[in-house]
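The values are calculated or read from the model by the stated rules, or taken from the named source; none is laboratory data. Computed from a predicted structure; not experimentally measured. We place every Cβ from the backbone using ideal geometry, glycine too, and count neighbours over all the protein chains shown. All accessible areas refer to the heavy atoms of the entire protein, side chains included, with ligands and DNA or RNA removed. Shrake-Rupley method; radii C 1.70, N 1.55, O 1.52, S 1.80 Å.
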Amino acid sequence: MKKREKILGVAAKLFAVKGFKNTNIAEIARITEAAEGTIFYHFKTKEELFLAILKEFRCLVTDEFSRYENSEDFGNGLKKTEHLVSFYLSLSASMEERFLLLHRHDAYELSEMNLLFKSEMEAIYTCFVDVFEKAIIKGQEDGSITTEIAARKLAMILFALVDSVARLNTYRVYDAGSLYSELLRSCSRILRKDIKNT
């Protein structure tokens, strides 16, 4: 493994577990067996290192969703959206450390002070919402999704719902798996609701 990748991996784990403020470069250097100067050669500041981790995470999840979408024949848009909800939960479990990094408050605090962080956080969330939106549009076009809510708004609502369940799991509040069936049924009801009949 190249030194840069090793630094990113160790730093991501420490930032996820200890938080940005409580992680120092000396500790990253000790664990990676890299001189602090080597770390600063690759990343000029601790903030730049954290930003690189967020960018890597965005590329990784984008690739994972793309690979998943290309590997399946979902049938209609409703089924595709339901499968993507399930895949999001699966991904948040298999990449728990990276999702914990995203779910910690550190990145949001940095976003308030630094436009690069704000832009990267928006790009990560846009990636997730875009995936849901495309599936919803497909469902609205093929008639499997019958709600009159605009696709973008609906994608944001679904994402907020699914990510909230993932956060419960990340923070060990609840086992997300125990909510899986109810979550899918709730998503299905939202997607198929005809607001004229409410």
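Points worth noting:
- Based on alpha carbons, the Rg and Dmax found for the range 1-54 are 9.6, 27 Å.
- Among the chymotrypsin sites (Phe, Trp or Tyr not before Pro) within the range 97-198, those in coil by DSSP and having at most 11 neighbouring Cβ atoms inside 10 Å are TYR171.
- Nearest-0.05 FRET efficiency for ALA160 and THR38, computed from C-beta distance (R0 35 Å): 0.30
- q = 0.17, 0.18, 0.25, 0.29 Å⁻¹, the range 62-110: log10 I(q)/I(0) [Debye, one scatterer per Cα]: -0.60, -0.65, -0.93, -1.07
- Helical runs (DSSP H, four residues minimum) scored at -39500 (n - 2.57) apiece and divided by the length of the chain put the mean residue ellipticity at 222 nm at -25000 deg cm²/dmol.
- Estimated FRET transfer efficiency (ILE190, GLU112; beta-carbon r; R0 35 Å; 0.05): 0.65
- The slack between GLU97 and ALA26, meaning 0.36 nm per residue of separation minus the straight C-alpha distance, is 23.5 nm.
- Accessible area per residue for the chain, computed on protein heavy atoms with a 1.4 Å probe, is 53 Å².
- Within the chain, the selection of entire DSSP H helices by a Cα span of 30 Å or greater along the long axis and an average Kyte-Doolittle value of at least 0.0 returns 115-142.
- The candidates SER92, SER66, arranged from most to least accessible area with a 1.4 Å probe in the full protein assembly, appear as SER66, SER92.
- Counting only protein heavy atoms and a probe of 1.4 Å, the accessible surface of the chain is 53% carbon and sulfur.
- Subtracting the Cα-Cα distance of SER86 and GLU122 from 0.36 nm times their residue separation leaves 10.7 nm of extension gain.
- Pair ARG172, LEU60: separation of 7 Å Cα→Cβ label points (nm): 2.1
- Sparse packing (at most 14 other Cβ atoms within 10 Å of the Cβ) combined with a DSSP loop state is found for the following GluC sites (Glu not before Pro) in the range 90-148: GLU148.
- Checking (1) 64, 33, 30; (2) 76, 37, 31; (3) 48, 36, 28 against the coordinates, the calculated Cα extents along the principal axes in Å falls under label (1).
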